[in-house]
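The values are calculated or read from the model by the stated rules, or taken from the named source; none is laboratory data. Not measured: the values here are computed from a predicted model. Here the Cβ positions follow ideal geometry from the backbone for every residue, glycine too, while neighbour counts run over all protein chains shown.
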Amino acid sequence: MLRFVLGRILSAIPTLLIVSVTVFFLIRLVPGDPAALLLGDHGDAAALAELRAQLGLDQSVLTQFRIWFFKVLSGDFGTSIWVGEPVLPLIIQKFLVSVQVVIPAVILATLIAVPAGILAAARQNSVVDVGLISVATLLLSIPTFWLGLLFLLVFGLHLGWLPVVGYVSVRTDFVGGLLYLILPILTLLLHEIGTIIRMSRASTLEVLRLDYITHARAKGLSEGAILWRHTFKNAFGPTLTLLGLILGNLLSGIAVIETVFTIPGLGRLMVDAIYARDYPVIQGCMLFIAFIYILVNLFIDLLYSFFDPKVMTQ
Amino acid sequence: MRRFAPNALIGGVLIGLLFGVAALQTFWMPHDPLKLNFAARLQAPSAEFLLGTDEFGRDIVSRLMMGASTSVSIALMTVGLAVLLGTTIGLVSGYNRGLVDRIIMTFNDALLAFPGMLLALGLLSVFGANQYGIIVALGLAYTPSVARVIRGAVMSLREREFIRASRTMSNSEIYTMMRHVLPNCLAPLIVLATSMFGWTLLSESALSFLGLGVPPPAPTWGNMLAAGRPFIEQASWLAIFPGLCISLTLLGINLLGDALRDRLDPQMRGAV
């Protein structure tokens with residue numbers, strides 16, 4: 001057990017390293033001198049030379065990478081060109097906003113969709129199954145940014161139940177802040193329900209086909225006991241893996257939702273940074289999201305071994 | 001087999017319609033999609049403008065038609081790029097094994113460690129936020145998945161008898177790959193390419209919606225949706241119809257993808 005956990009944690013290190021290298025060199029692909037980009041239009045030759053020396057651009061690429069990498073390790077992601085603030089605190093502040101939408105949406109979607117998928121599988125090809133799978137496919141096909149706009153139109157403008165634009169942090173005004181979060185969470189939730197129902201159904205069907213389930217039926221166990229005690233634990237693994245992928249995709253794809261609902265989150269920060277060619281922020285966001293993604297997937301890998309202990313022996 | 005027929009039918013009709021409209025717009029559109037007409041600003045759907053007009057008096061139907069063709073061509077080129085690069089990398093890697101394979105796959109897996117959209121955003125910031133930037137960024141972002149699938153298929157094929165036979169007959173490695181290995185990778189590739197077409201269409205709409213995609217005045221469903229957003233109260237059709245087009249297209253692709261998977265990958269039949 002301990003060996004498995006340590007092995008997994010250690011195996012994440014090369015990935016993190018290569019991801020850092022990729023992010024570092026990706027931004028180097030941008031045509032032009034990074035120092036000139038950093039200074040923008042208001043730089044003379046002397047300032048340029050000074051900045052080049054300060055950034056270490058006059059040194060070899062490997063040295064540059066080493067300097068950058070150790071700075072990143074110590075939490076120094078550089079300074080935003082646009083805002084003029086250190087990148088990491090900026091990212092963390094925006095991340096905490098995005099998390100308030102993403103985490104509740106994923107948790108609620110899992111709680112609704114996993115049982116729904118199991119139910120659909122247990123009643124394969126029945127009206128319930130066809131109905132659930134159709135709803136799931138439909139939900140999957142509606143882009144979140146459109147669904148969000150429709151919700152704004154109906155609940156915000158026509159019914160007037162919820163605020164349309166603006167954002168209040170739940171920390172300054174809990175109830176008021178919550179009102180601004182309802183629609184974005186609902187939008188993401190419905191989209192993810194579609195994905196999770198399909199996965200949960202598919203992996204349940206896979207397990208229901210196995211011999212030990214037939215054996216459990218032959219023993220005379222009730223369908224409920226078979227589904228809960230024998231099927232769920234084995235069928236939840238693939239869904240769990242999917243949840244890790246969803247979390248990562250949501251963190252990078254949340255910009256559209258944040259745009260629709262004017263939420264100042266991480267996605268918006270990155271998109272604005274791309275507009276402004278604020279490369280330290282782009283680099284920081286990429287690195288931060290990729291790191292979170294890898295860590296979440298590592299955690300899920302470890303959790304996976306609880307549902308499917310076989311992975312530990314491989 | 002039971003669910004195959006309706007899925008494939010509905011999906012086929014929706015996607016057929018998409019390609020039909022995309023082709024039709026090169027010959028005929030009800031109005032000029034780019035012509036400004038301030039006398040007819042923000043008109044509700046009517047007999048003349050079936051789905052209404054936008055804030056510059058441009059006909060929505062015509063713009064949706066032109067947008068369909070833009071989205072389809074971007075999606076096709078992106079998938080084409082990813083398939084071309086990914087297949088090459090996957091074939092080389094799977095067939096050579098050894099050190100080449102190890103190096104390629106380490107790098108490949110590191111790229112897979114990025115969420116697709118994140119990698120695309122990063123690449124977009126490098127290649128520039130426009131039509132070609134999107135194709136390159138999304139194409140490169142999807143390449144690692146293709147490479148992985150092809151490599152997997154090649155690995156399982158390369159020790160099979162008919163591949164060995166081809167080598168024994170002293171066919172060149174390239175001939176063997178092209179003639180015997182590649183055709184047997186097609187099934188998983190088609191399933192993946194169908195999904196990628198959907199992802200690309202969705203990502204392109206999302207990026208255009210964010211203002212990082214195809215710049216106006218050229219219409220895409222995504223940038224039409226973004227442009228219609230400020231007018232959602234007085235002219236809700238501006239935001240409703242482009243989104244409906246995206247949803248119907250994605251529904252078509254999802255249904256068609258499911259049907260294809262059932263057909264080409266019998267083990268998964270009726271599963272997803």
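Data table
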item: Exclusive hit being over 22 Å from A:Val154 (Cα atoms), without any contact (Cβ under 8 Å) to a residue 24 or more places away in the chain and more than 10 Å from every other protein chain (Cβ to nearest Cβ), set B:Arg164, B:Arg263; result: B:Arg164
item: Residue check for B:Pro217: outside any helix (DSSP H, G or I), touching a residue at least 12 places away in the same chain (Cβ under 8 Å) and surrounded by fewer than 20 Cβ atoms within 10 Å (Cβ to Cβ); result: yes
item: Answer from A:Ala105, A:Ala121 - the residue that is buried (at least 18 other Cβ atoms within 10 Å of the Cβ), more than 14 Å from every other protein chain (Cβ to nearest Cβ) and touching a Leu at 6+ places or on another chain (Cβ under 6 Å); result: A:Ala105
item: Output for the stretch B:59-113, where each listed residue is in a helix (DSSP H, G or I), free of Cβ contacts under 8 Å to residues at least 40 places away in the same chain and either of a type in the set (A, V, I, L, M) or buried (at least 22 other Cβ atoms within 10 Å of the Cβ) (or both); result: B:Val61, B:Ser62, B:Leu84, B:Val92, B:Leu99, B:Val100, B:Ile103, B:Ala110, B:Leu111, B:Leu112
item: Matching entry among A:Ile289, A:Ile254 (being facing another protein chain (nearest Cβ under 10 Å), under 16 Å from A:Phe24 (Cα atoms) and within 11 Å of the chain's Cα centre (by Cα)); result: A:Ile289
item: Filtered residues of the stretch A:274-284 (kept if at the interface with chain B (Cβ under 8 Å from one of its Cβ atoms), in a helix (DSSP H, G or I) and in contact with a helix residue (DSSP H, G or I) (Cβ under 7 Å, 6 or more places away or on another chain)); result: A:Ile274, A:Tyr279, A:Ile282
item: When residues of the stretch B:220-248 are limited to those that are among the aromatic types (Phe, Trp, Tyr) and at pLDDT below 85, the one surrounded by the fewest Cβ atoms within 10 Å (Cβ to Cβ); result: B:Phe231
item: Output for the stretch B:123-132, where each listed residue is outside any loop (DSSP other than H, G, I, E, B), without any contact (Cβ under 8 Å) to a residue 12 or more places away in the chain and within 12 Å of another protein chain (Cβ to nearest Cβ); result: B:Ser125, B:Val126, B:Phe127
